[in-house]
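Below is one structure, written out as structure tokens; comments come after it.
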Amino acid sequence: MKSSKEKIISLLKNFFNEKDEILAVYVFGSFVDKEKYHDIDIAVLIKNDFNFYDTKKFPFGYESEINAKLIKLTRIKIDFVVLNKLPILFQKNIFKKNIIIIDKDKQGRINYENKIKKLFVDVEYIMKIKNIYLNRKLNNARLNIN
């Protein structure tokens, strides 16, 4: 007998397999980490030529439309995001621990993930320097308050 997680993953696979624009689907967060979960975090990698900003096709936005359909399908709160639109740090965190439930273009997905990881390495040093200066500024502000 399938567990509730297996049933949900099966529903998600069926749903996303019908979406031509989607190259890969990642499930991440508490659904992956824990036995009990309150929502399902889903990120999708979209084809480069797909226009998810088309307001005629998606009057409330692509993400809102897909999110609403997923909630109706699973009866669970869904946090749905388009990976291609996310900041590099968030994407890198998704890549750390996930379940890939759809992988229509494995080499394309791997290339995309590697590109994001390389970009992160490029900006990681700058982010560390920024945090050092931000912490100094905050510490100086605290000292001036007292």
Are there any pairs with C-beta distances below 8 angstrom linking a residue in the range 104-119 that is of a type in the set (A, V, I, L, M, F, W, C) to a residue that is assigned to a helix (DSSP H, G or I), with the two at least 6 apart or on different chains, and if so which? ILE116/ILE88; ILE116/GLN91; ILE116/LYS92; ILE116/PHE95; LEU119/ILE88
For the range 21-40, give me the residue count where each residue is part of a helix (DSSP H, G or I) and of a type in the set (Asp, Glu). 1
Positions within the range 92-115 being closer than 19 Å to GLU21 by Cβ and in contact with a Phe, Trp or Tyr (Cβ under 8 Å, 6 or more places away or on another chain), in sequence order: ILE94, ILE100, ILE101, ILE102, GLU113
Looking at PHE50, PHE58 in this structure, which one is under 24 Å from LYS118 (Cβ atoms), more than 11 Å from the chain's Cα centre (by Cα) and free of Cβ contacts under 8 Å to residues at least 40 places away in the same chain? PHE50
Identify all residues within the range 41-59 that are outside any strand (DSSP E or B), acidic (Asp, Glu) and surrounded by 11 or more Cβ atoms within 10 Å (Cβ to Cβ); write none if there are none. ASP54
Subset of the range 81-136 [in a helix (DSSP H, G or I), under 13 Å from the mean Cα position of the chain (by Cα), basic (Lys, Arg) and surrounded by 11 or more Cβ atoms within 10 Å (Cβ to Cβ)]: LYS85, LYS92
Pick from the range 14-37, criterion modelled with pLDDT under 95 and among the basic types (Lys, Arg), ranking: farthest from ASN84 (Cα to Cα): LYS36
For the range 70-102, which residues satisfy the criterion of being in contact (Cβ under 8 Å) with a residue 40 or more places away in the chain, more than 30 Å from MET127 (Cα to Cα) and among the hydrophobic types (A, V, I, L, M, F, W, C)? LEU70, LEU73, ILE76, ILE101, ILE102
Mind checking which residues of the range 60-80 are exposed (fewer than 15 other Cβ atoms within 10 Å of the Cβ) and assigned to a helix (DSSP H, G or I)? SER64, ALA68, LYS69, LYS72, LEU73
Condition first: polar (S, T, N, Q) and within 25 Å of PHE120 (Cβ to Cβ). Can you find one or more residues in the range 56-69 that meet it? no
Can you find a residue in the range 6-20 that is part of a strand (DSSP E or B) and touching a strand residue (DSSP E or B) at 6+ places or on another chain (Cβ under 6 Å)? no
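The values are calculated or read from the model by the stated rules, or taken from the named source; none is laboratory data. Only a predicted model underlies this, so the values are computations on that prediction, with no experimental measurement involved. Note: ideal-geometry Cβ built from the backbone for every residue, glycine included; neighbour counts use all protein chains shown.
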